[in-house]
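First up is the structure itself, then whatever we jot down about it.
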Amino acid sequence: MRILGLAGWSGSGKTTLMCALVPALVDRGHRVSTCKHAHHRFDVDRPGKDSHRHRQAGATEVMIGSANRWALMHELRGAPEPTLDDLVRHMTPVDLLLVEGFKHGSHDKLEVFRAALGQPLLAATDPHVVAIASDAPVDARVPVLPLGDAVAVADFVERHCNLVARPAAQ
């Protein structure tokens, strides 16, 4: 499974690019999954639901399944935060796993950059940045792609990850 990260400073547009890039790649016939890093406490469950009550009771893992989807929630219960490699081991293999966040990881990354944020380029110090998607010209050692052009970014991703386009499954 190929892995490519979307990394950048808060407010740079990582999620917006992700939400445009996934369908652009799926439409080319690629099986794509995503992994998102959260810097804060988050919950995918709601108080009062049975699954939430199971977790509150002390369960380490709670799985919910239906005819449409299944979800597994794992409580760390004081254990260290998992690394990206730890999380990837739980993913079903696909053609491409796009990772949002984990900007300090050692996986290849596409930097999402907006000069107006006033933050430095990650590519200046991170050898794992393989391209930059920016809304303005950038002087960089790696290719610079137009941030608002998901087709151009998808073209780069296919080339970089050696993905072969094929008709999407109907």
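The values are calculated or read from the model by the stated rules, or taken from the named source; none is laboratory data. Just so we're clear, the structure is a prediction, and the values are computed from it rather than from any experiment. Quick reminder, even Gly has a Cβ in these numbers, built from the backbone with ideal geometry, and neighbours come from all protein chains shown.
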Search result, residues across the stretch 77-101 that are modelled with pLDDT under 90 and buried (at least 18 other Cβ atoms within 10 Å of the Cβ): Gly101
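To keep it simple, each residue is scored yes or no on (1) farther than 19 Å from Leu21 by Cα; (2) polar (S, T, N, Q); (3) in contact with a Pro (Cβ under 9 Å, 6 or more places away or on another chain).
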{"residue": "Leu87", "(1), (2), (3)": "yes, no, no"}
{"residue": "Met91", "(1), (2), (3)": "yes, no, no"}
{"residue": "Val99", "(1), (2), (3)": "no, no, no"}
{"residue": "Leu110", "(1), (2), (3)": "no, no, no"}
{"residue": "Gln119", "(1), (2), (3)": "yes, yes, no"}
{"residue": "Arg141", "(1), (2), (3)": "yes, no, no"}
{"residue": "Val153", "(1), (2), (3)": "no, no, yes"}
{"residue": "Leu163", "(1), (2), (3)": "no, no, no"}
Scope the stretch 2-17; condition among the charged types (D, E, K, R) and in a strand (DSSP E or B); matching residues: Arg2
The one condition in (1) free of Cβ contacts under 8 Å to residues at least 40 places away in the same chain; (2) under 21 Å from Arg31 (Cβ atoms) that Val94 fails to fulfil: (1)
Selection from the stretch 68-123 of residues that are in a strand (DSSP E or B) and over 20 Å from Ser10 (Cα atoms): Trp70, Ala71, Leu72, Met73, His74, Leu96, Leu97
Qualifying position, being exposed (fewer than 15 other Cβ atoms within 10 Å of the Cβ) and among the aliphatic types (A, V, I, L, M), among Ala131, Ala154, Ala124, Ala150: Ala124
Checklist (1) in contact with a strand residue (DSSP E or B) (Cβ under 6 Å, 6 or more places away or on another chain); (2) in contact (Cβ under 8 Å) with a residue 12 or more places away in the chain; (3) assigned to a helix (DSSP H, G or I); (4) under 17 Å from Gly5 (Cα atoms) applied to Ala154, failing item: (1)
Number of positions in the stretch 21-55 that are buried (at least 17 other Cβ atoms within 10 Å of the Cβ), charged (D, E, K, R) and either touching a residue at least 60 places away in the same chain (Cβ under 8 Å) or farther than 30 Å from Asp95 by Cα (or both): 2
Residue among Leu121, Leu117, Leu145 that is among the aliphatic types (A, V, I, L, M) and in contact with a Gly (Cβ under 9 Å, 6 or more places away or on another chain): Leu117
